[in-house]
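Notes follow the structure.
Bear in mind that the values in this text are calculations on the coordinates, not laboratory data. The structure displayed is predicted, hence computed values, not measured ones. Every residue, glycine as well, gets a Cβ built from its backbone with ideal geometry; the counts of neighbours run over all protein chains shown.
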Amino acid sequence: PGLPDALRENLLERFEDEPVRIREVFASADGTEKYLFDLADGNLIEGVLMRYKYGNTQCVSTQVGCAMGCAFCASTLEGCVRNLTSGEMLGQIVAVNRRLQGAGERLKNAVLMGSGEPLANYENTVKFLRLLREYGMSLRGVSLSTCGLTERMRALAQEDLPVTLCVSLHAPNDEIRRRIMPIARKYAMDDVIDACREFIARTGRRVIFEYALIENVNCSLACADELAARLRGLMCHVNLIPLNPVKERALRAPSLQEQNAFLHRLEQKKISVTRRRALGSEIEGACGQLRRARLSEEKKD
Ligand code: SAH
């Protein structure tokens with residue numbers, strides 16, 4: 001309804017079994033590929049394929065843009081345009097898998113770490129996870145990353161979906177967290193950690209904390225000590241991510257020495273911790289950068 005018949009037919013023809021189409025591919029020397037996808041309504045989203053030793057992993061977007069407003073993230077600079085449907089989330093997987101099959105490869109894992117906050121689009125995300133299982137992907141190879149919407153984290157724990165929960169912590173306390181993540185004004189870190197504890201108790205699976213190292217913000221040894229104290233006794237792993245610099249933000253990663261000192265301090269305190277390898281940085285691998293670059297080019301045209 002509303003659309004002229006010819007246009008509607010044309011759209012159906014193009015998108016019936018393809019709610020998402022690969023529009024451009026940017027390949028990196030390390031095998032990482034970044035995709036710009038077209039949606040049927042003309043919106044653009046992006047995704048990344050990472051060729052890890054343990055299998056090809058696809059990074060999936062859950063919204064066009066994002067409303068969370070994190071100070072270091074490019075996805076949120078223009079707010080959230082709309083939620084993706086479950087079909088559009090699965091469509092990203094199907095499109096990339098089809099491309100891989102052409103090369104005799106396939107997707108093994110997925111991470112919900114593209115643009116958007118998956119738990120702010122809860123119904124569609126849960127539906128997508130169920131579709132993904134029907135499509136044949138084991139949810140044991142799926143990670144869902146959230147900025148910490150605690151009611152929804154608790155709801156997810158009840159869904160019987162064996163995904164790995166990743167939580168963007170990025171700070172050892174509320175004061176620092178609120179400076180870089182507006183959502184921290186709504187949910188206190190104690191509540192976030194408590195919701196993680198419930199998720200672990202309910203699923204038996206460890207939680208992963210993502211911690212972007214940002215110079216002069218969250219990477220002092222005092223921060224490491226405070227973080228270790230906060231996480232003590234929790235079945236978890238900390239993933240340190242040297243900040244991907246984003247043009248529009250005056251934030252950057254600390255020196256390699258500072259990164260190492262932070263990592264070793266956590267190790268000394270018996271926290272399970274690794275640093276994420278940077279893949280595809282020459283193809284604007286960081287969240288939301290590609291779509292933004294393309295949108296501003298189109299504005300110039
Ligand atoms: N909205 C979800 C998932 C999206 S982003 C969430 O907040 O978890 C996936 C991860 O990349 C998050 O941990 C996010 O905080 C982080 N991230 C965003 N921008 C980044 C940057 N410039 N450098 C490093 N990590 C970044």
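What the Cβ-Cβ distance of A229 and Y52 gives, at R0 = 25 Å and to the nearest 0.05, is a FRET efficiency of 0.20. Placing a pseudo-label 7 Å from each Cα along the Cα-to-Cβ vector at H237 and A155 gives an inter-label distance of 2.8 nm. In this structure, R205 and Q257 have a Cβ-Cβ separation that, at R0 = 25 Å, corresponds to a calculated FRET efficiency of about 0.15.
Approximating the spin labels as points 7 Å out from Cα along Cα→Cβ, the K247-to-E175 distance works out to 3.6 nm. Net charge dipole, segment 118-166: roughly 80 debye, given to the nearest 20, about the Cα centre with Cβ charges of +1 for Lys and Arg and -1 for Asp and Glu.
Within segment 65-94, which residues have the backbone N less than 15 Å from the label spot 7 Å out from L3 along Cα→beta-carbon, could you tell me? What the label zone holds, given the 15 Å backbone N cut-off, is 85, 88. With K and R counted +1 and D and E -1, the other residues having a Cβ less than 9 Å from that of A71 yield a net charge of +2. The charge dipole of the chain, taken about the Cα centre with unit charges on the Cβ atoms of Lys, Arg (+1) and Asp, Glu (-1), comes to about 960 debye, rounded to the nearest 20.
Note on the chain: Cα Rg divided by 2.2 N^0.38 Å, N the number of residues, gives 1.00.
Considering helices alone, the calculated mean residue ellipticity of the chain at 222 nm is -11000 deg cm²/dmol, with DSSP H runs of length four and up weighted by -39500 (n - 2.57) and normalised per residue. A straight chain from R185 to R197 at 0.36 nm per residue would run longer than the Cα-Cα distance by 2.3 nm. Values of log10 I(q)/I(0) for segment 61-160 across q = 0.14 Å⁻¹ run -0.54, by the Debye formula with one identical scatterer at each alpha carbon and no solvent. Site pair L221 and A67 shows an inter-label distance of 4.4 nm when each label is modelled 7 Å from Cα along Cα→Cβ. With R₀ fixed at 35 Å, the C-beta to C-beta distance from T274 to D41 puts the FRET efficiency at about 0.35. Remark: segment 52-111 carries a charge dipole of roughly 280 debye about the Cα centre, counting +1 on each Lys and Arg Cβ and -1 on each Asp and Glu Cβ. Other residues whose C-beta falls under 12 angstrom from the C-beta of R51 contribute a net charge of +1, scoring Lys and Arg +1 and Asp and Glu -1.
Centroid-to-centroid, using Cα positions, segment 231-266 and segment 57-93 are 23 Å apart.
When the chain is described by a simple charge dipole with +1 on each Lys and Arg Cβ and -1 on each Asp and Glu Cβ, the residue from G141, T274, M68 located farthest towards its positive end is T274.
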